[in-house]
Amino acid sequence: MSLLAVEDLRAGYGDTVILHGVDIEVEAGELAVIVGPNGAGKSTLIKAIFGVVSTQGGRVRFGGDDTTGASPERLVARGMAYVPQERNVFPTLTVAENLEMGAFTTRGPLAPLLDAQYALFPELERRRRQLVGEMSGGQRQMVALARALMTKPKLLLLDEPTAGLSPKVMAQVFGYIRAINQAGIGVLMVEQNARLALQIADRGYVLAAGRNRFSGTGADLLANRQMAEAFLGG
Ligand SMILES: Nc1ncnc2c1ncn2[C@@H]1O[C@H](COP(=O)(O)OP(=O)(O)OP(=O)(O)O)[C@@H](O)[C@H]1O
Ligand SMILES: [Mg+2]
């Protein structure tokens, strides 16, 4: 049974259809990557899975349950977390406060949750009293990831986690994502840096104009000449 199974999903805004029947699967503990041109509907897909954009047809199953149209609150309670591309941290709060905000729906003590994130990201423990607005782009992404992990997700949805970062910092952020995935958390990530992302992906999907164009293992997609020419710049 897949952790996430998206079947023939249709979604859009008002009467506008953006996704025309998309299929995606993520197994437990897998790292899956969605790539594709601007405007393909990648962010819309992630938002429809997370209940932020309404679906117009098809089905989303998460952990074996039909969660089509479920609210983000319900999905978080079931083990899904989402890191949007922009405004994914609270810049006027400290690192520790950002992490605490991530768990505001969680009952029980926060200390073990904070400790778990600090174990994964020791730099955040050293900076726990620093304002996030004073931190670098890479450090902010670390905060955004750690904040999402405060709800103990089984699946983390990431929308372009390396957008706007230098190549060096991008490699660091990919390193954090791998570490999260190696801790057993499934990841479904949208990425513009297709080659780098597919290199660490168990599974890859190319989305174009709201439809699946290619899918396979990350290695399959990188080795596919037609796909490389059309979507990876040769
Ligand atoms: N809130 C909205 N209302 C209406 N149309 C929208 C809205 N958000 C996105 N769209 C449209 O949906 C289409 C797909 O957008 P989406 O953001 O999902 O693409 P994307 O693949 O994530 O692109 P990018 O690579 O630029 O992030 C675009 O034509 C966009 O203009
Ligand atoms: Mg997008």
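The values are calculated or read from the model by the stated rules, or taken from the named source; none is laboratory data. As the structure is a computational prediction, the values presented were derived from the model and not from experiment. With ideal geometry, Cβ positions are generated from the backbone for all residues, glycine too; neighbour counts draw on all protein chains shown.
Among the residues of the stretch 196-222 satisfying the criterion of being within 17 Å of the chain's Cα centre (by Cα) and among the charged types (D, E, K, R), which is surrounded by the fewest Cβ atoms within 10 Å (Cβ to Cβ)?
Kept after step one, since they are within 17 Å of the chain's Cα centre (by Cα), are these residues of the stretch 196-222: 196-207, 218.
Imposing the further condition that a residue be among the charged types (D, E, K, R) reduces the set to 202-203.
On the way: D202: 17, R203: 21.
Per the criteria, the residue is D202.
Here are A163, A183: which of them is under 15 Å from the mean Cα position of the chain (by Cα) and either at pLDDT below 95 or of a type in the set (D, E) (or both)? Can you show your working first?
Working: A183 fails: under 15 Å from the mean Cα position of the chain (by Cα).
Only one candidate passes the filter, namely A163.
If R128 passes every condition in (1) part of a loop (DSSP other than H, G, I, E, B); (2) modelled with pLDDT under 95; (3) away from ligand 2 (no atom under 16 Å from the Cβ) but one, which one does it miss?
Of everything listed in (1) part of a loop (DSSP other than H, G, I, E, B); (2) modelled with pLDDT under 95; (3) away from ligand 2 (no atom under 16 Å from the Cβ), R128 misses just condition (2).
Could you identify the single residue in A144, A163 that is closer than 30 Å to E25 by Cβ and away from ligand 1 (no atom under 16 Å from the Cβ)? Walk me through it before giving the result.
Working: A163 fails: away from ligand 1 (no atom under 16 Å from the Cβ).
The unique qualifying residue is A144.
Failed condition for V17, given (1) away from ligand 2 (no atom under 16 Å from the Cβ); (2) part of a helix (DSSP H, G or I), with all others met?
The failed condition is (2).
Filter the stretch 54-80 down to the residues that are closer than 18 Å to A5 by Cβ and aliphatic (A, V, I, L, M), then identify the one that is surrounded by the fewest Cβ atoms within 10 Å (Cβ to Cβ).
Selected residue: A70.
Restricted to the stretch 107-122, and to residues that are without any contact (Cβ under 8 Å) to a residue 60 or more places away in the chain, in contact with a helix residue (DSSP H, G or I) (Cβ under 7 Å, 6 or more places away or on another chain) and surrounded by fewer than 19 Cβ atoms within 10 Å (Cβ to Cβ), which residue is farthest from I177 (Cα to Cα)?
Step one: list which residues in the stretch 107-122 are without any contact (Cβ under 8 Å) to a residue 60 or more places away in the chain, which gives 107-119, 121-122.
Within this subset, residues satisfying the condition of being in contact with a helix residue (DSSP H, G or I) (Cβ under 7 Å, 6 or more places away or on another chain) are 110, 114, 117-118, 121.
Among the residues that remain, those that are also surrounded by fewer than 19 Cβ atoms within 10 Å (Cβ to Cβ) are: 110, 118.
Working: L110: 23, Y118: 15 Å.
Restricting to residues being without any contact (Cβ under 8 Å) to a residue 60 or more places away in the chain, in contact with a helix residue (DSSP H, G or I) (Cβ under 7 Å, 6 or more places away or on another chain) and surrounded by fewer than 19 Cβ atoms within 10 Å (Cβ to Cβ), the top hit is L110.
Any chance you could count how many residues in the stretch 84-111 are in a strand (DSSP E or B) and either within 9 Å of R147 (Cα to Cα) or in contact with a Phe, Trp or Tyr (Cβ under 7 Å, 6 or more places away or on another chain) (or both)? Talk me through it step by step, then tell me what you get.
So in the stretch 84-111, the residues in a strand (DSSP E or B) come out as 94.
Right, trim to either within 9 Å of R147 (Cα to Cα) or in contact with a Phe, Trp or Tyr (Cβ under 7 Å, 6 or more places away or on another chain) (or both) and you get none.
Qualifying residue count for the region: 0.
Taking S2 as the residue in question, decide whether it is away from ligand 1 (no atom under 16 Å from the Cβ) and either of a type outside the set (D, E) or not in a loop (DSSP other than H, G, I, E, B) (or both).
Numbers: away from ligand 1 (no atom under 16 Å from the Cβ): yes; either of a type outside the set (D, E) or not in a loop (DSSP other than H, G, I, E, B) (or both): yes.
Spelling it out, S2 is indeed away from ligand 1 (no atom under 16 Å from the Cβ) and either of a type outside the set (D, E) or not in a loop (DSSP other than H, G, I, E, B) (or both).
What pairs can you find where one residue is in the stretch 88-99 and within 14 Å of Q117 (Cβ to Cβ), the other is of a type in the set (V, I, T) and assigned to a loop (DSSP other than H, G, I, E, B), and their Cβ atoms are less than 7 Å apart, with a gap of 6+ or different chains?
Qualifying pairs under 7 Å: N98/V89.
Can you name every residue in the stretch 38-76 that is under 17 Å from V17 (Cβ atoms) and more than 16 Å from ligand 2 (Cβ to nearest atom)?
Answer for the stretch 38-76, where residues must be under 17 Å from V17 (Cβ atoms) and more than 16 Å from ligand 2 (Cβ to nearest atom): S54, T55, Q56, G57, G58, R59, V60, T68, G69.
Does T44 meet the test of being in contact with a strand residue (DSSP E or B) (Cβ under 8 Å, 6 or more places away or on another chain), within 14 Å of ligand 1 (Cβ to nearest atom), farther than 30 Å from L131 by Cα and of a type in the set (S, T, Y)?
Values: in contact with a strand residue (DSSP E or B) (Cβ under 8 Å, 6 or more places away or on another chain): yes; within 14 Å of ligand 1 (Cβ to nearest atom): yes; farther than 30 Å from L131 by Cα: yes; of a type in the set (S, T, Y): yes.
Yes.
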